[in-house]
Structures are given as structure tokens and as C-alpha cells.
1. In the set Lys69, Lys6, which member is touching a helix residue (DSSP H, G or I) at 6+ places or on another chain (Cβ under 6 Å), farther than 30 Å from Thr111 by Cβ and at pLDDT below 90?
2. Within the range 40-92, which residues are in contact with a Lys or Arg (Cβ under 9 Å, 6 or more places away or on another chain) and among the small types (Gly, Ala, Ser)?
3. Just to be sure before I move on: is Ala53 aliphatic (A, V, I, L, M), surrounded by fewer than 12 Cβ atoms within 10 Å (Cβ to Cβ), without any contact (Cβ under 8 Å) to a residue 60 or more places away in the chain and within 23 Å of Ala15 (Cβ to Cβ) in the structure I sent?
4. Looking at (1) surrounded by 14 or more Cβ atoms within 10 Å (Cβ to Cβ); (2) more than 20 Å from Glu11 (Cα to Cα), which is the only condition Thr111 fails?
5. Taking the residues in the range 49-89 that are in a loop (DSSP other than H, G, I, E, B) and under 12 Å from Lys2 (Cα atoms) as candidates, determine which candidate is farthest from the chain's Cα centre (by Cα).
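The values are calculated or read from the model by the stated rules, or taken from the named source; none is laboratory data. These figures come from a predicted structure and were not determined experimentally. In this analysis, Cβ positions are derived from the backbone assuming ideal geometry, glycine residues included, and neighbour counts consider all displayed protein chains.
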Amino acid sequence: MKETLKAIMMEEINAVENLLKVLEDQHKHLFGKDPLLLEKDAELIKDASVEVAKVEKKRRNLFVGMGKKEMFEMLDNEGREIYYKLDSTIHLCDLQRGTNDALIKQNLMFTNKMLSFINPNREVNVYNGNGRLNR
């Protein structure tokens, strides 16, 4: 059972590392000028996330009713090293995702500001009887 858990965790490490690689590629493409690459990255991220979910589901089905703490206590030293590697890889993946999300939001805010400068709203704001703006 320990060997099965180690094998599943190694499989999960590979899936998460693949997701991390795709997120790093997305980070590089955020500074590029080709939006089609970002669309492709979104599909790759979706596929990699599905693969991670499949492996996680496989582990959960094998160890039904067993929490992370119980699973961790069951492992030997080699298994604990694998667990720590998996945990750190997941943490790196989460940091990269957060960084990419912040950059995407920043780029969208900049784009929206530039669009509003180029084509400002030229309507005259008029208040209605309730004190709200008519649109």
C-alpha cells in the first residue's frame, strides 16, 4: 500500500510539474505581443489541470476516508520526501498562478484605461427623479 501511494504521488508530482511548466510558459507569453499564444496557454492549462485532478481522484479513491495526516504518518522517509516535493511543487504552482493572474488583471486595467482615453464616453450624465444617473 505504501508503494502504491508513492507511485501515485510521483505521478501527481509529474502532473503538477507539467502544470507549472505551462504556467511558466503563460508568464513568458504575457510579455509577448501575440494574444493567440495566451489562448493556446489557456487550453493547455485546462488540460494539465484535468490531468492533476485525475491523479488526485485516483489517490483519493485508493485511500477513502484517510486524511492527509493519516496518510503522512503511514509513509516512510522516502515517502515523506516525495510528499514534501509534491507539496512544494503545488506551492510553486499556486504562486505562479497568482503572479499570472495579477499580470493579466494589470494588463486588462491598462488596456481599459487606454481604450477610455482613445474613445471616451461623450454622453452627458443626467440625473433621473430618483437621483441616479440615466444611462
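1. Being touching a helix residue (DSSP H, G or I) at 6+ places or on another chain (Cβ under 6 Å), farther than 30 Å from Thr111 by Cβ and at pLDDT below 90 holds for just one of Lys69, Lys6, which is Lys6.
2. Ala48, Gly79
3. yes
4. Just one mismatch for Thr111, condition (1).
5. Going through the qualifying residues, I end up with Asp76.
For (1) over 15 Å from Cys93 (Cα atoms); (2) aromatic (Phe, Trp, Tyr); (3) in contact (Cβ under 8 Å) with a residue 12 or more places away in the chain, each residue gets a yes or a no:
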site	(1), (2), (3)
Thr4	yes, no, yes
Ile13	no, no, yes
Val16	no, no, yes
Leu19	no, no, yes
His29	yes, no, yes
Leu37	yes, no, no
Arg59	yes, no, yes
Leu62	yes, no, yes
